[in-house]
Amino acid sequence: MTIALFVVLLLAGAAAVIAPLARRPLAWPADPPDQRDDVARAVSSLRDLEFARAAGTIAPADYVRLRASLERDAFVRRPPESRGNAPVRTLIAAALIAAVAVAVAVFYLPPSAGDRAPGETVTGTVPQPDALAALEARASANPSDVPMQLALADAYVQAGRPEDAIPRYRAVLAKDPNNVAALDGLALILVASGGNDGAIVAADRVLTQRPKDPDALFVKGLALYRKQDWNGAVDVWTVYLDVGRYHFGSEMVRGLYADARAKAGR
């Protein structure tokens, strides 16, 4: 998807650069001549000329000729200068620079950014092996560091290793039974693996503390839907769609919500 997007942008940029070449060449803008500059220069030259005449350093005939020339150049409007066409080399150079920039982005950005996990922003990435190993080492060295353990558990989930994330979430809950992040993470894993009852228990513990927590509402509604509790799913998702419109599961829930309403006769 990323490469396709860059290819489209490259073609659009190339078309934008080449199109002017097929039409009448554009002209570089030219600054209009400032008549005040000509007048100021002429006045200065006339003053110098008068000084030369008074000092006797210029012949009378030369004085008359130069004065007439200066007056003519200062006060006679000159025809506007013609504009030159934009150089083709500049347009071609710009196109080449754009192509190189896009090529660098296409071939070097995706490997450095990693694959985007579902629900993550465009800058979010699946943890790379080296980064995950480093996180594991830090978490093992600091087993009592709850944020570190949660970060590792979340990294396991993003890497597609939920079985490794569960012990980390449970270790956090052993220290803090009401930790919302651990409960939400565990509930998501449970509902994804078909553990609907366990997911509802974990979600309810979150909703007791945060009645409008989007993750918990999403999980509980999905678990109730899978248990064919249509009315329960509708009740939970009605709140979810109000507070979680930007949540990663909102698009999926809208379709299931409509289906649950129809099956509940609501």
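Just a few scattered comments:
- Per-peptide average of other Cβ atoms within 10 Å, ordering 200-208, 183-191, 251-259 highest first: 183-191, 200-208, 251-259
- Cα centre as origin, Lys/Arg/Asp/Glu Cβ charges: segment 212-266 dipole, Debye: 160 debye
- Using a Förster distance of 30 Å, the FRET efficiency for residue 131-residue 248 (Cβ separation, nearest 0.05): 0.85
- Full extension of the chain segment joining residue 226 with residue 193 gains 10.7 nm, where the gain is 0.36 nm per residue of separation less the Cα-Cα distance.
- Taking the alpha carbon gyration tensor of segment 152-266, multiplying each eigenvalue by 5 and rooting it gives semi-axes of 25, 14, 13 Å, largest first.
- In summary, the convex hull built on the alpha carbon positions of segment 145-197 has an orientation-averaged projected area of 3.3 nm².
- Mean separation of Cα contacts under 8 Å (6+ apart) over length of segment 129-236, as relative contact order %: 15 percent
Each reported figure results from applying straightforward, stated rules to the coordinates on display, with no laboratory input. Being a predicted model, the structure only gives us computed values, none of them experimental. As a convention, Cβ positions derive from the backbone with ideal geometry for all residues, glycine included, and neighbour counts pool all protein chains shown.
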